[in-house]
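For reference, the structure discussed in these notes is given below.
The values are calculated or read from the model by the stated rules, or taken from the named source; none is laboratory data. From a predicted model like this one, the values you see are computed outputs, not experimental measurements. Ideal geometry is used to build each Cβ from the backbone, glycine not excepted, and the neighbour counts take in all protein chains shown.
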Amino acid sequence: MSSSLQIDKPIIELEKKIEELKRISKENNIDLSTEIKILSEKLSNLKRDVYENLTPWQKVGLSRSSNRPTTKDYIENICSEFIELHGDRLYKDDKAIIGGIGFIENIAVTIIGHQKGKDVKENIERNFGMPHPEGYRKALRLMKQAEKFNRPIITFIDTPGAFCGLEAEQRGQGEAIAKNLFEMSSLKVPIISVVIGEGGSGGALGLGVSNKVAMLEHSIYSVISPEGLASILWKEASKASEAANIMKLTSKDLYELKVIDKIIKEPLGGAQEDVEFTAKNIKEYILEEIEYFKNQKKEDIISQRYNKFRKIGYNL
Amino acid sequence: MSSSLQIDKPIIELEKKIEELKRISKENNIDLSTEIKILSEKLSNLKRDVYENLTPWQKVGLSRSSNRPTTKDYIENICSEFIELHGDRLYKDDKAIIGGIGFIENIAVTIIGHQKGKDVKENIERNFGMPHPEGYRKALRLMKQAEKFNRPIITFIDTPGAFCGLEAEQRGQGEAIAKNLFEMSSLKVPIISVVIGEGGSGGALGLGVSNKVAMLEHSIYSVISPEGLASILWKEASKASEAANIMKLTSKDLYELKVIDKIIKEPLGGAQEDVEFTAKNIKEYILEEIEYFKNQKKEDIISQRYNKFRKIGYNL
Amino acid sequence: MIKKLLNKEKEYAKVSINKNFKNKSVDDKFWIKCSSCNNDIFKKEVEENLNVCPKCNYHFKFSARERIDLLIDEGTFVELDKDLTSINILNFPEYEEKIDKYSKKTKEKEAVITGYGKLCGIDVVLCVMNPDFMMGSMGAIVGEKITKGIEYAIENQLPVMIVSASGGARMQEGIISLMQMAKISQVLKKLSDNNLLYISILTDPTTGGVTASFAMLGDLIIAEPNALIGFAGPRVIKQTIKQDLPEGFQKSEFLLEHGFIDLIVDRKDMKNKLYKILKIHGY
Amino acid sequence: MIKKLLNKEKEYAKVSINKNFKNKSVDDKFWIKCSSCNNDIFKKEVEENLNVCPKCNYHFKFSARERIDLLIDEGTFVELDKDLTSINILNFPEYEEKIDKYSKKTKEKEAVITGYGKLCGIDVVLCVMNPDFMMGSMGAIVGEKITKGIEYAIENQLPVMIVSASGGARMQEGIISLMQMAKISQVLKKLSDNNLLYISILTDPTTGGVTASFAMLGDLIIAEPNALIGFAGPRVIKQTIKQDLPEGFQKSEFLLEHGFIDLIVDRKDMKNKLYKILKIHGY
Ligand SMILES: [Zn+2]
Ligand SMILES: [Zn+2]
C-alpha cells in the first residue's frame, strides 16, 4: 500500500539512522549512547505523532495494508482451541469467510470472520476477502448452530465489500446479506463484532448486526470506498483522500456517531507491529462483553441488540 | 408407453367395431341396435375386467403414461383460486416441482407437486418431473410459509425420482431431500399427500413425510424402478415386469403394508379418462382430511405424523 | 453501492417519458419513442396505460403518488410521518442543497411515502419509494419512515407492502444510511415473528442496500416486468469481470429464473393480484 | 438407490485388503499392493495403521467392530438391540438366504451396531454401519436400531454419533426400507429440538437413501479422507449424463469444497477430534 509506506517513511528513515549509529559505535568502539538515546526518543515521539494524527486516508491505507493481521491471526492468539467448520450446505465453501468453534479461556464460542490472504495466491483463493453469497450463508448456518448450543458469537469484520461479480449476483448476493441481517436480529445469543480492518458496506454489515460492535483503532467502516465516493463526486478516484476526509469512516468518527461501542487500542505503528498485544486487547474486550451478557435473559439480549440499531439515524 | 397401449388394445379394437357397426347402421339405414347393445355391454365388461385386474407392470405403464393427468391438471380442477410461486431463493426455480397458494372451496392451502410435461418440449423444461436440489428447497420454503400462515399443505407426488445428474450431486441432492424429511416431520400444519402417478424413491419421499398419504388407484410408489431392480437381480432391465410383480408397488400392496392411508378411485380406464371425476375424488379426500385436522392441536398434528412413520417397519 | 446510483442517473432518465420526446417536430408534445421496442407511441396512450408501452409492455418509471392511487382505494390512504426531513448528520458538502432541489422538483420531502389505507377494502400498510427523489436512495429518514410504517402494522396487526425503487444507500449519510439496512430488516423480522404478511414489490431499479435488505425479505416477492434488480449495479459488475453482461442479466425475468422472486405481475394487474394474495392469507 | 449398491460390490472388494494379495509368490501373505498409490506395502503395517495406507494415507474399509474399539473407551460399550433381525416383509425371493449368508460371514445380525459408551470419558450414543453386511444397506432393522439408539440419547440427554457406510436403502424390503429414511430423519429432528448434538461421520461409501437422510443431517458432518459420498452412485450418473465424471467427483474432498461437510478427519485423529468437539459443546 503506497499510503502505508508514506506514513512509515520518516519513521523508517530515523530507524535506519539509529541502526547506523549503533553499527558505527560498535565497529569503531566509540560511545554514541547519548546521540542514540536522543534519536530514540525522537523516534518514539515521531511515531506517536504520526500514528496519533493519521489522516482518514492514511487510516484507510493502514486498514488495508497487506501485513495487517487477519481473522486467522486473531483466532490463533485468542483461542485455546479452535476447529474450523466449512460450507453452507447448499453450494460451496466460501474461503472469503471462515468460521468455527472453539474456546476463549474456558468459554465455548462460535467465531466467524472475513478472511483476506497473506500473499497473492492466498488472496486469490480467498477472493481478497470479498465473499460470495455462500460465505454469508455459511456464516448464518454457523450462527444458527451457535444459537442452538447457546454459544456467544464473535465476528471479525474485514472486507472491501461483498463481491460484485456475475455469479455472486446470480446466486443472490442481495438475498444472502438481507437474510443475515434479518436472522441475526433475533438470535438468542450475544453477538460481539470487531472491525479489524476494512468494514466495507453491506458486505461488512452482513456479519455486523451485533449486540456490541468494536473497532480496532485504525480500522475503517463505511458505506462505500473513498475511491468510489470520489469517482461519483468528482469523477476522479484519485481524489479518494479528500473523499475519506468527509466520509466519517474512522473509529473515532463512528464512536462519536454512536454507531460503534468501543475503540480497541492498537500498538504504536498499527496492529501488525504487535499482534499479540492487539489480540490481547481484543480478547479482553470480548471476555468483558461475554461476561456482561452471561446472566442476561434471552429476550433482553435480543432487545438490547434491537434497540441499538433501532436508534441509529433519526434520533441522532 | 408401449405397456399402456397393450392394456388398451382389445378395448380399442372393440370400440372400433362398435363405431363401425354404428356407421353401417346409419349409412345403410339398418337396425343393428341389438348387436351394438351386446357389444357395448361386452366392452363395458371387458374394460372392468382389464382395469380391475391390471398386473403391477401394467399399472407401472399406466402411472407413467404421457396422457396421465399431472399436478397442474388436478390443481386446476380442485382450486377455485391458485397462484403459483417460484424459486428457492438460493439458486433457481426448478420447474420439476411447482408450488403455490390457493383456495379449495374456501380453505386456504399451500399446494406443492412434482410436475411432468405434456409433450417433449415441456418435459425437457420440467426435466421429466425429476427435481434438482432446488426443487426440494423451493418446496421446503413454501412449506415453511404455509406453517407460518397456518395453511394445510397438499403435496402431489409424481416423479420417476430425484434427478441423478452431475450438477444435482454437486448442489447436494442428498442434503436437500434429507432436509425436507427432517423439517417436514415437525411442521405444525397438516400435510396431506396424494401419489398421482409415479412415486419414485427418495425423490417422492422428499414431498411425502405427511400426516396422510393417499394413492390414486393405478399409481405406484417404490424404492427403485422395476427396470432398476430387474437389472440388479437378473442383469436384464427387460425383466422389469417380473420385478414389478415382487416389489409390492401398487396402491393395494401399499395399503396392505399400512404405508398409505387410502386408495382413491380412478375412472374405468384410468385417471385420464375423466380428469374431473378423479379430481373430484381427490378433492373430497383432501377436504375430509383437512376437516379431520381442523380442530386438532399443533402437538397432536405433529405427533400423529410422527407416530405414522415411527411404526413403519419393525412392528409390521 | 451508491456509485451505480449516480452513474445510472443518465441511463435512467432515458426511459422517463419526458426525455423521450423527439425534439425536432411539432408532434413532440404528443409522441414519444419507446426505448424498448422503438415504436413511436402517442404519449397520452402511454400515460393512460400506467406508463407501460402499449406495444411491447415495457414498464416505464411510475411515480410514488400514482402508485398509491393505483393500489389503494380512493380516499382511504392516510400518510404517516410525512413531515420528516433529513438532517445533514455528516456535514456532507452540498447535501442540504440537494435535498432542497429534489423537494422542489418532486414536491415530496423524502424518497419514500408511507401510510395505511384500504386495498379492495382490506386494511394494509403501504410504503412506496420515490425514484424521482435522489434516485430513491435510502438515508436515515427513509429508514425511519419505513420502520415506523412496519411498527404501525405490528401494532395494528396489518399486512405490509413495500414498493422498492432505489439506487441503494444514500452516500451523503454515510454509515448512517448503511445502518438503515439493519434497522428495517430487524423490524421486518419482528413483523414476521408476529405472523404478519410482508409483500415486497420490486420496480425498476431496485439495487444496492435496498436489495440487500428489505427488498429481498418478502414472504412473497413480486416484481414488475423488466425491472433492474441487483446488489451491485451492472456497471460495477462489468468493471469487475471485464466482460459484457449477458442479455437480460439482473432483470425481473432473470431473477425469477434464478429463484429469487415469486412472480412477475404487470402493473395493471398488480392491485387485483395483491387482493387475491391478501385473501388467501386470511385478510 | 439400490442399484449402485450392488453394482459397486465388485469395485468395493477391490480395496479390501485381502483381495489385494498378489497370488503369485510366497510373499502374498505378507504384502499387498495399495490400490491408490500402487506401492507394495507390508500387510501388517497397513493393519496396524487402522487400514490406512502408510504411504499415501488412502483410507481403506474398516469394520464396524473395529470402529467401535477405535472410538469408545475400552470396556465401556453397551450394545443395544443386538438381537433384532430382519423379517422378509415383502416375501422377497432369497432374502432370508442372503441374510443368513451375511450373518455367517460377518458374525453380525444386521448392517448396523448401536449402543452407548464413553468417548474419553464422555457418555455418547454411537451407531456404526457395517459395510460388510449386505453393503451396509438400510432395511427396517437398521432403521429401527438407529431410531432406538437416538431415542435412548434423547431419554438420557446424550450426544449421538452415526458412522455411515452404506449403499443406501435395502431393495429386498422395498418401500419399507424407503420409509426408514423418514423414520430416522424425524427422530433426529426430535433430538435436535432437544438441543442435543448429532455428529454424522461419513465413511466409504455413503450413498443413496442414507445420504438423503441421516448422513446429511449432522450438526457437524465429518468425513474420512477419500470416501465416496453421494445420492446417486457414479455409475448411474455416468449413465444419465453419458460422460465421464470429473476426477475426485463425490469424494470427501469434493464435498468439502462444495459446502456439504464441515471437515475431513483422518481415522487416527478421529477420536481426539470428536472429544474436542464434544467438549466445546459442553459435554
Ligand atoms: Zn415499447
Ligand atoms: Zn497408498
Study note, to complete from the structure: When restricted to C:Leu196, C:Leu158, the only residue more than 8 Å from chain A (Cβ to nearest Cβ), in contact with a Pro (Cβ under 9 Å, 6 or more places away or on another chain) and not in a strand (DSSP E or B) is C:Leu196
Study note, to complete from the structure: By residue number, the members of segment C:56-67 that are within 12 Å of ligand 1 (Cβ to nearest atom) and touching a residue at least 40 places away in the same chain (Cβ under 8 Å) are C:Asn57, C:Tyr58, C:His59, C:Phe60
**Study point:** Members of segment A:186-228 that are surrounded by fewer than 24 Cβ atoms within 10 Å (Cβ to Cβ) and at the interface with another protein chain (Cβ under 7 Å from one of its Cβ atoms)
**Key:** A:Ser186, A:Gly228
Review point. Within segment C:26-40, how many residues are out of contact with any strand residue (DSSP E or B) (no Cβ under 9 Å at 6 or more places or on another chain) and more than 10 Å from ligand 1 (Cβ to nearest atom)?
Key: 1
Check your understanding: Is at least one residue of segment C:182-191 part of a helix (DSSP H, G or I), more than 10 Å from chain A (Cβ to nearest Cβ) and hydrophobic (A, V, I, L, M, F, W, C)?
Key -> yes
Check your understanding: Which one of these is surrounded by fewer than 23 Cβ atoms within 10 Å (Cβ to Cβ) and within 12 Å of another protein chain (Cβ to nearest Cβ): B:Asn127, B:Asn123?
Key -> B:Asn127
Practice item. Go through segment B:92-141 and give me each residue that's part of a helix (DSSP H, G or I) and under 18 Å from B:Gly199 (Cβ atoms). Key: B:Asn127, B:Phe128, B:Gly129, B:Gly135, B:Tyr136, B:Ala139
Practice item. Kindly provide the set of residues from segment C:41-55 that are assigned to a strand (DSSP E or B) and within 11 Å of ligand 1 (Cβ to nearest atom), ordered by number. Key: C:Ile41, C:Val52
Review point. Which of the residues that make up segment C:190-211 are touching a residue at least 60 places away in the same chain (Cβ under 8 Å) and buried (at least 24 other Cβ atoms within 10 Å of the Cβ)?
Key: C:Leu197, C:Ile201, C:Thr203, C:Asp204, C:Pro205, C:Thr207, C:Gly208, C:Gly209, C:Val210
Review point. Only one of these conditions is not met by A:Ile83: (1) within 14 Å of another protein chain (Cβ to nearest Cβ); (2) out of contact with any Lys or Arg (no Cβ under 8 Å at 6 or more places or on another chain). Which number is it?
Key: (2)
Revision key, fill the gap. Of the candidates D:Cys120, D:Cys127, the one satisfying the condition of being farther than 27 Å from B:Asn245 by Cβ, assigned by TED's automatic domain parsing to the domain that holds D:Asp269, touching an Asp or Glu at 6+ places or on another chain (Cβ under 8 Å) and more than 16 Å from ligand 1 (Cβ to nearest atom) is D:Cys120
Practice item. Sort out which residues of segment C:200-242 are more than 8 Å from chain A (Cβ to nearest Cβ) and assigned to a loop (DSSP other than H, G, I, E, B), and write them in order of number. Key: C:Gly218, C:Asp219, C:Glu224, C:Pro225, C:Asn226, C:Ala227, C:Gly233, C:Lys242
Point to revise | helices (runs of 4 or more DSSP H) contained in segment A:184-265 and holding at least 1 residues among the basic types (Lys, Arg) | key: A:251-256
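Per-residue answers, yes or no, for (1) within 23 Å of C:Asn272 (Cβ to Cβ); (2) assigned by TED's automatic domain parsing to the domain that holds C:Arg267; (3) aliphatic (A, V, I, L, M); (4) within 16 Å of ligand 2 (Cβ to nearest atom):
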| site | (1), (2), (3), (4) |
| --- | --- |
| C:Asp40 | no, no, no, no |
| C:Lys43 | no, no, no, no |
| C:Glu47 | yes, no, no, no |
| C:Asn51 | yes, no, no, no |
| C:Glu66 | yes, yes, no, no |
| C:Gly75 | yes, yes, no, no |
| C:Asp100 | no, yes, no, no |
| C:Thr106 | no, yes, no, no |
| C:Tyr116 | yes, yes, no, no |
Practice item. Identify the single condition in (1) over 19 Å from C:Thr211 (Cα atoms); (2) surrounded by fewer than 24 Cβ atoms within 10 Å (Cβ to Cβ) that A:Pro160 does not satisfy, given that it satisfies every other one. Key: (1)
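Matching residues to (1) within 13 Å of chain B (Cβ to nearest Cβ); (2) in a loop (DSSP other than H, G, I, E, B); (3) over 15 Å from the mean Cα position of the chain (by Cα); (4) farther than 22 Å from D:Pro225 by Cα:
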position	(1), (2), (3), (4)
D:Asn57	no, yes, yes, no
D:Ile87	yes, yes, yes, yes
D:Lys98	yes, no, yes, yes
D:Lys101	no, no, yes, yes
D:Gly117	no, no, yes, yes
D:Lys145	yes, no, no, yes
D:Glu151	yes, no, yes, yes
Practice item. Give the residues of segment B:229-255 that are more than 11 Å from chain D (Cβ to nearest Cβ) and acidic (Asp, Glu), sorted by residue number. Key: B:Glu236
Practice item. Please name all residue pairs, on different chains or six or more residues apart, with Cβ atoms under 8 Å, provided the first residue is in segment D:30-50 and is in contact (Cβ under 8 Å) with a residue 40 or more places away in the chain and the second residue is in a loop (DSSP other than H, G, I, E, B). Key: D:Ser36/D:Cys53; D:Ser36/D:Cys56; D:Ser36/D:Tyr58; D:Ser36/D:Asn226; D:Leu50/D:Phe62
Exercise for review: Scan segment D:248-255 and give yes if some residue there is at pLDDT 95 or above, outside any helix (DSSP H, G or I) and surrounded by 19 or more Cβ atoms within 10 Å (Cβ to Cβ), otherwise no.
Suggested key: yes
Practice item. Select from segment D:72-85 the residues that are part of a strand (DSSP E or B) and surrounded by fewer than 16 Cβ atoms within 10 Å (Cβ to Cβ) and list them in ascending order. Key: D:Val78, D:Glu79
Point to revise | Subset of segment B:170-183 [assigned to a helix (DSSP H, G or I), of a type outside the set (A, V, I, L, M) and either more than 13 Å from B:Phe309 (Cβ to Cβ) or more than 7 Å from every other protein chain (Cβ to nearest Cβ) (or both)] | key: B:Gln170, B:Gln173, B:Gly174, B:Glu175, B:Lys179, B:Asn180, B:Glu183
Point to revise | Counted residues, segment B:57-91 - those being more than 21 Å from C:Glu257 (Cβ to Cβ), part of a loop (DSSP other than H, G, I, E, B) and not small (Gly, Ala, Ser) | key: 5
